[in-house]
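The values are calculated or read from the model by the stated rules, or taken from the named source; none is laboratory data. These figures come from a predicted structure and were not determined experimentally. So basically every Cβ, Gly included, is an ideal-geometry build from the backbone, and we count neighbours across all protein chains shown. The area values use the complete protein model at the heavy-atom level, side chains included, leaving out ligands, DNA and RNA. Shrake-Rupley method; radii C 1.70, N 1.55, O 1.52, S 1.80 Å.
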Amino acid sequence: MTDLEAIGKACFALHARMTARLLSRVYDGALRPIGLKLPQFGILGAIGHGTPVSETALAERLGLERTTLVRNLKTLVERGWIEPVSGDGRGLGHRLTPSGRATLDAAIPLWEAAQAQVEERLLDVDPEGARRAG
């Protein structure tokens with residue numbers, strides 16, 4: 001008979017998903033006061049520090065499904081935090097609005113607090129090794 005308990009304890013995929021949900025709760029909770037979720041923070045940051053790129057290129061850079069990116073972009077446009085601009089010839093790009101820059105600036109200390117909380121909880125984990133594993 002298969003030892004299901006041993007599989008549950010050893011399964012990288014199961015534990016990675018559990019860890020991802022925990023991390024999402026921490027970061028989303030920190031960003032909630034300004035109406036952001038972690039993927040939206042990442043999108044604002046990527047748009048805020050780079051030249052406009054196509055939605056496909058942005059999705060690849062962030063490791064998001066294109067449909068997930070488009071849904072989040074729509075929300076960010078509706079909130080007035082980003083605006084579409086002509087891309088580099090390969091599709092529509094986006095840039096931060098002044099309100100988007102202010103939101104991103106307000107989000108950074110909240111993200112830093114969440115990051116410190118996560119690092120404190122993962123004292124026995126090599127952060128660089130964990131980042132490289134992804």
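Annotations
- Inter-residue pairs, beta-carbon under 7 Å, first within 14 Å of residue 38 (Cβ to Cβ) and in the range 99-119, second in a helix (DSSP H, G or I) and of a type in the set (Gly, Ala, Ser), 6+ apart: 104/45; 104/48; 110/30; 111/30; 113/30; 114/30
- In the condition set (1) open to solvent by 60 Å² or more (accessible area, probe 1.4 Å); (2) farther than 28 Å from residue 122 by Cα; (3) part of a helix (DSSP H, G or I); (4) without any contact (Cβ under 8 Å) to a residue 12 or more places away in the chain, residue 56 is compliant with all but (4).
- Matching residues, the range 76-113, being in a helix (DSSP H, G or I) and crowded, with 17+ Cβ neighbours inside 10 Å: 76, 100, 103, 104, 107, 110, 111
- Filtered residues of the range 1-41 (kept if among the acidic types (Asp, Glu) and either touching an Asp or Glu at 6+ places or on another chain (Cβ under 9 Å) or within 30 Å of residue 110 (Cβ to Cβ) (or both)): 28
- Enumeration of residues in the range 28-43 that are within 23 Å of residue 74 (Cβ to Cβ), more than 9 Å from the chain's Cα centre (by Cα) and either in contact (Cβ under 8 Å) with a residue 60 or more places away in the chain or open to solvent by less than 50 Å² (accessible area, probe 1.4 Å) (or both): 28, 31, 33, 34, 35, 36
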